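S.K.: Got a structure here, written out as structure tokens. Questions coming.
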Amino acid sequence: MNQNLKKLPLKDDLETTAVLKQLAKTSRCLAELKGVARTMPNQNILINAIMINEAKTSSGIENIVTTHDEIYKAMVNSKNTTPNAKEVVDYRSALWRGYELVKEKDMISENIIIEIQEKIEHNKAGIRKEAGTVIKNQRTGKIIYTPPQTYDEIIFWLRNLEEYINNKLYDIDPLIKLAIIHYQFESIHPFYDGNGRTGRILNILYLVYMELLDTPILYLSKYIINTKQQYYSLFQETRETQNYEKWIIYMLKGIEQTSQETINIINKINHEMKTMKNELRQKTKIYSKELLEALFFEFVTKASYIKEKLNISERTALRYLDVLVKEGFLSSEKIGRERIYKNDRLFNIIKNYGDDNSKIKSESEEIVTINV
Ligand SMILES: Nc1ncnc2c1ncn2[C@@H]1O[C@H](COP(=O)(O)OP(=O)(O)OP(=O)(O)O)[C@@H](O)[C@H]1O
Ligand SMILES: [Mg+2]
């Protein structure tokens with residue numbers, strides 16, 4: 001058996017004074033986020049908008065560099081797109097799919113985890129069957145950590161994790177549990193690749209599963225990428241000391257910070273929707289609640305979408321879009337054969353939120369999973 005891993009639940013006392021202090025702050029922020037999200041007329045608006053940032057940032061850890069501009073093109077037309085932008089859009093589909101599955105099955109099973117990873121990596125390799133996967137520092141070539149190697153071992157540890165995740169009776173705060181789950185999942189490292197991205201999706205799904213949020217709107221990837229050095233070294237420190245306190249506090253702080261940022265972004269979107277509603281009423285004759293929500297559902301739209309959402313003819317939809325462009329609510333662009341319409345106000349809120357981590361990223365060392 002792998003000496004590096006411990007069976008869950010851990011016997012350690014995880015609820016130390018320092019952890020409980022941070023936990024109180026984190027829980028308060030997360031509960032506030034849950035409440036604020038409920039003020040949105042349509043929570044899907046939020047998921048769509050924020051999820052694209054999560055997909056971009058999380059893929060960014062894997063060094064897939066793309067711009068919001070490329071992403072929005074990939075969202076409407078997969079033919080005229082860059083492979084990197086497609087990766088990001090696919091990551092978003094994986095997140096949506098995971099969310100649907102957890103809602104439907106009311107559990108986070110091994111199969112759900114496998115399906116998410118499959119969607120991210122576009123292959124059916126599944127759980128590692130061949131030995132040789134290690135975590136390496138890309139610059140120095142040094143092996144940092146060797147996860148369990150045989151299929152049987154991996155399955156053993158995954159089953160133990162699955163049981164831990166789904167046992168709601170176990171008496172410990174779910175946010176502390178989330179930290180342990182993330183640590184354990186990454187340490188099992190069940191796949192050849194995509195373990196980081198799958199693990200980050202799992203974090204979000206766990207919050208929904210435990211009903212700490214109604215919808216998957218808390219994205220920790222930005223925090224993780226901004227504190228990447230600390231994130232990587234805490235894995236090793238925890239492993240060496242077998243003391244989880246620092247790791248748990250690190251994760252709890254991330255949830256607190258991200259909740260706060262998400263609350264800010266919801267407030268901005270809400271504010272922008274109200275402003276646009278007033279302007280639409282003043283400047284045009286086409287305002288309806290459905291139209292406003294359609295414009296904020298994604299930051300891009302097309303005639304066919306407006307037609308469907310508002311139950312109007314294609315001609316009327318095109319006329320509406322013309323008015324919206326003329327009055328400055330949308331900008332329009334032809335991509336391939338299709339004309340798309342962009343809500344720049346929403347686009348800018350989203351873009352500015354996600355784009356401030358490039359500097360930190362270039363300074364940090366890269367950790368990769370390598371199969372030797
Ligand atoms: N010392 C370590 N012990 C356990 N897990 C680690 C350690 N260092 C890094 N990791 C985890 O491994 C992940 C990278 O694994 P992998 O390359 O399979 O995932 P990815 O999704 O392709 O990459 P990325 O996380 O960089 O986007 C990191 O995100 C981190 O969660
Ligand atoms: Mg990788």
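S.K.: Do any GluC sites (Glu not before Pro) in the stretch 198-305 lie in a loop, going by DSSP, with at most 15 other beta-carbon atoms within 10 Å of their beta carbon, and if so which?
M.R.: Qualifying residues, ordered by number: E211.
S.K.: Distance between the C-alpha centers of the stretch 199-277 and the stretch 99-126? Whole Å please.
M.R.: 20 Å
S.K.: For the chain, just the Cα set please: Rg and Dmax, both in angstrom.
M.R.: Cα-based Rg and Dmax for the chain come out at 21.9, 70 Å.
S.K.: Moving on to the next point. What's the center-to-center distance, using Cα atoms, between the stretch 1-50 and the stretch 297-348 in Å?
M.R.: With the stretch 1-50 and the stretch 297-348 each reduced to a Cα centre, they are spaced 37 Å.
S.K.: Also: Could you line up F296, F156, F185 from fewest to most neighbouring Cβ atoms inside 10 Å?
M.R.: Ordered by Cβ neighbours within 10 Å, fewest first: F156, F185, F296.
S.K.: Any lysines with Cα under 19 Å of the K228 Cα? List them, leaving off those in the same chain fewer than 8 positions away.
M.R.: K56, K136, K142, K246, K253, K359, K361
S.K.: Answer with one residue from T17, L158, L291: the one whose Cα lies farthest towards the positive end of the charge dipole of the chain, charges on Cβ with Lys, Arg +1 and Asp, Glu -1.
M.R.: Final value for the positive-end residue is L291.
S.K.: Using only the alpha carbon atoms of the stretch 266-350, find the Kirkwood hydrodynamic radius as the inverse mean reciprocal pair distance, in angstroms to one decimal.
M.R.: Every distinct Cα pair counted, the radius reaches 12.9 Å.
S.K.: A further question on this structure: What does the stretch 192-316 give for Rg and for Dmax, in Å, if only its C-alpha atoms count?
M.R.: Expressed in Å, the Cα Rg and Dmax of the stretch 192-316 come to 21.0, 67.
S.K.: Suppose only helical runs count, i.e. DSSP H with n ≥ 4. What mean residue ellipticity at 222 nm does that imply for the chain under -39500 (n - 2.57) per run, divided by all residues and rounded to the nearest 500 deg cm²/dmol?
M.R.: So the calculated ellipticity at 222 nm is -20500 deg cm²/dmol.
All of the numbers you see were taken from the coordinates with simple rules; none came from a lab. The shown structure was predicted, so the numbers you read here are calculated from the model rather than taken from an experiment. No Cβ is skipped: glycine too gets one built from the backbone with ideal geometry, and neighbour counts run over all protein chains shown.
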